[in-house]
Ligand SMILES: Nc1ncnc2c1ncn2[C@@H]1O[C@H](COP(=O)(O)OP(=O)(O)O)[C@@H](O)[C@H]1O
Ligand SMILES: [Mg+2]
């Protein structure tokens with residue numbers, strides 16, 4: 001039972017300018033064009049502090065593209081992304097992360113040769129300040145940060161349930177552990193918004209359930225979450241609100257029970273049921 | 001990364017098992033590793049101390065068979081080996097740690113040598129300063145060159161960076177020929193040396209390699225300690241992350257450009273330092289010493305020794321310098337031989353002779369004790385709940401001891417400092 005595992009508390013350590021329930025991130029008229037293909041077409045939605053917002057849609061709908069535009073990987077052709085009222089457009093990717101937008105990757109991109117703990121350490125370093133001099137001369141700050149890595153780093157690994165393999169190379173970890181490590185590494189940057197790109201991809205239904213429980217726990221710790229998932233049944237249970245994309249356009253934005261009844265959503269998902277159940 | 005595509009967990013476990021078997025590490029290597037790990041901290045330090053003392057004594061012992069005499073003075077050969085070791089150490093920061101392919105490292109070496117020449121040789125019109133001051137000066141000048149080269153080029157990736165750095169190496173060599181102050185083929189003579197005399201003759205002279213060797217080995221020891229400190233810090237982690245996946249590193253908050261520049265600058269400084277040392281020992285510098293093949297030889301030293309392992313690349317550098325000095329008959333064949341050796345190495349042991357993944361945390365040993373402790377709780381010691389229930393997941397228990405013999409060897413430096 002995973003819920004029992006999460007005894008460790010990993011609540012965010014930073015101040016957030018907006019109150020619980022207020023708009024934390026505002027995506028407005030966001031468009032991304034690849035050559036002639038409009039992968040994201042004028043999409044707008046708000047993410048409120050403390051909620052789990054689901055971003056769903058069939059394969060190729062533009063969910064990952066939306067993430068990439070928000071986190072600075074792709075340059076949007078139009079629109080804006082605001083975090084706590086400040087625009088993120090044009091900022092360097094590492095700046096955006098340090099301002100509070102962390103993400104996981106749909107296709108796992110851990111630092112394979114590093115240990116699990118070292119992977120998390122890279123995330124924690126986003127909040128650290130030691131540079132060449134501090135590291136070479138081993139200043140008190142360096143030691144303070146290194147100690148924080150073993151305390152908070154291990155806490156995070158325990159929180160996601162993989163602490164027992166903290167010292168194994170990431171690429172030697174089982175698939176499920178790798179997915180969880182991605183979440184721990186993103187949490188380590190102490191994000192204001194945690195973006196999860198199909199974190200349960202490749203899991204069997206039981207594992208998916210377990211992961212959704214974990215995501216719930218993450219939210220209960222005080223994080224705000226944007227969750228991509230194309231399995232609609234799965235997101236219904238965990239999310240507070242859902243945004244539905246199809247062919248790059250937003251077709252719905254509502255609470256789960258309303259999304260379930262939405263004719264446009266039903267049409268979009270018709271014949272799409274459980275496309276990867278056998279993967 | 002092993003699991004890109006969505007695998008079922010069963011598939012992933014299989015892949016993992018295959019991965020374990022697939023580790024082709026010779027058994028002597030593993031045995032040595034676990035033996036080393038079983039030593040206590042002070043035993044490891046003592047052993048290292050013995051190795052260092054032996055290294056210092058090498059030219060004095062002048063072992064038969066190993067010696068490069070009569071063709072080459074052994075002490076001077078030892079100096080050259082140490083110098084190549086230092087060069088490899090610097091290049092390793094760029095290539096091994098940050099994963100930036102630099103084919104023009106010789107350029108920094110040249111800049112360092114010319115810095116020492118210009119400020120100490122009577123052939124130079126510049127003001128003269130004591131030789132020892134040219135060592136930090138050479139490092140500063142090369143860092144400036146490194147940053148000037150790095151700012152436009154470090155936005156390039158892989159092959160492009162290699163080509164541009166190759167061009168840089170050539171440009172420096174050509175500048176030495178073209179710019180009159182650098183005196184082309186005529187070069188600079190009577191370059192300075194560290195102070196000190198015994199019986200009226202200088203301690204540091206071109207014909208006596210011993211003090212130069214000891215000086216260089218001392219520099220190597222200090223540099224290794226400082227680089228070790230860098231490695232097990234935010235800087236070392238950033239470099240390693242960049243080498244693994246630059247985009248992912250950037251997205252995880254690593255200012256990749258800044259850290260790549262830092263790696264380039266650090267490498268450049270050490271290249272400059274090496275160049276200044278060579279200029280001092282030989283006492284003569286001209287434009288003939290800084291060709292591309294030598295630059296490639298530096299790279300070969302790093303790859304031979306094992307990218308990422310500091311001691312490994314020093315040994316790699318020493319070997320690359322040693323072989324042509326010992327086997328003078330090789331002459332121009334040395335590049336052919338190194339080429340063949342490198343090809344064979346890449347086929348059978350692609351991580352190099354002593355390649356290993358460095359430790360990237362200051363407190364690895366402490367955390368290892370903690371993890372071991374929690375993974376195998378003693379009776380009466382209640383298991384930590386989180387770990388215990390995580391352990392319920394399949395296929396974990398077998399791994400409790402693995403960390404002991406895994407990648408992270410020597411605990412050497414917990415809290416190790418200059
Ligand atoms: N880098 C890219 N270059 C060109 N087309 C892309 C790129 N990334 C995504 N696309 C296209 O954009 C569309 C949306 O893709 P994506 O955002 O990955 O979908 P989803 O994550 O919803 O499955 C797809 O048609 C895909 O082929
Ligand atoms: Mg996607």
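The values are calculated or read from the model by the stated rules, or taken from the named source; none is laboratory data. Computed from a prediction, not measured in an experiment: that's the story for all the values here. Heads up, the Cβs are rebuilt from the backbone with ideal geometry, glycines too, and the neighbour counts pull from every protein chain shown.
In summary, residue A:106 fulfils each of the numbered conditions (1) within 16 Å of ligand 2 (Cβ to nearest atom); (2) buried (at least 23 other Cβ atoms within 10 Å of the Cβ); (3) under 17 Å from residue A:194 (Cβ atoms) with the single exception of condition (2).
Taken over segment A:131-142, residues that are part of a helix (DSSP H, G or I) and either under 18 Å from the mean Cα position of the chain (by Cα) or at the interface with another protein chain (Cβ under 7 Å from one of its Cβ atoms) (or both) amount to 4.
Within segment A:133-153, identify whether any single residue is out of contact with any strand residue (DSSP E or B) (no Cβ under 9 Å at 6 or more places or on another chain), more than 16 Å from ligand 1 (Cβ to nearest atom) and either under 24 Å from residue A:49 (Cβ atoms) or in contact (Cβ under 8 Å) with a residue 60 or more places away in the chain (or both), and answer yes or no. Yes, because at least one residue in segment A:133-153 is out of contact with any strand residue (DSSP E or B) (no Cβ under 9 Å at 6 or more places or on another chain), more than 16 Å from ligand 1 (Cβ to nearest atom) and either under 24 Å from residue A:49 (Cβ atoms) or in contact (Cβ under 8 Å) with a residue 60 or more places away in the chain (or both).
All of (1) out of contact with any helix residue (DSSP H, G or I) (no Cβ under 7 Å at 6 or more places or on another chain); (2) more than 16 Å from ligand 2 (Cβ to nearest atom) hold for residue A:93 with one exception: (1). Based on what the data block shows, is residue B:304 surrounded by fewer than 22 Cβ atoms within 10 Å (Cβ to Cβ) and at pLDDT below 95? In short, no. The residue that is nearest to the chain's Cα centre (by Cα), among those in segment A:33-59 that are within 16 Å of ligand 2 (Cβ to nearest atom) and free of Cβ contacts under 8 Å to residues at least 40 places away in the same chain, is A:34. Only a single item in (1) away from every other protein chain (no Cβ under 13 Å); (2) part of a strand (DSSP E or B); (3) within 27 Å of residue A:259 (Cα to Cα) is not met by residue A:102, and it is number (1). Every condition in (1) within 25 Å of residue A:151 (Cβ to Cβ); (2) away from ligand 2 (no atom under 16 Å from the Cβ); (3) more than 10 Å from chain B (Cβ to nearest Cβ) is met by residue A:196 except one, and the failing one is (2). Going through (1) within 7 Å of chain B (Cβ to nearest Cβ); (2) within 23 Å of residue B:247 (Cβ to Cβ); (3) in contact with a helix residue (DSSP H, G or I) (Cβ under 6 Å, 6 or more places away or on another chain) one by one, residue A:181 falls short only on (1).
Where helices (runs of 4 or more DSSP H) fall wholly inside segment A:1-99, the ranges with 3 or more residues that are within 12 Å of ligand 1 (Cβ to nearest atom) are A:63-70. A single entry from A:37, A:30 fulfils the requirement of being out of contact with any strand residue (DSSP E or B) (no Cβ under 9 Å at 6 or more places or on another chain), farther than 18 Å from residue A:196 by Cβ and more than 14 Å from chain B (Cβ to nearest Cβ): A:37.
One residue stands out in segment B:327-362 among those that are buried (at least 20 other Cβ atoms within 10 Å of the Cβ) and more than 22 Å from residue B:94 (Cβ to Cβ): the one that is nearest to the other protein chains (Cβ to nearest Cβ), namely B:362.
Scanning segment A:62-88 for residues being away from every other protein chain (no Cβ under 14 Å) and within 16 Å of ligand 2 (Cβ to nearest atom) gives a total of 4.
Tallying residues that are more than 7 Å from chain B (Cβ to nearest Cβ) and either in a helix (DSSP H, G or I) or surrounded by fewer than 24 Cβ atoms within 10 Å (Cβ to Cβ) (or both) within segment A:110-130 yields 6.
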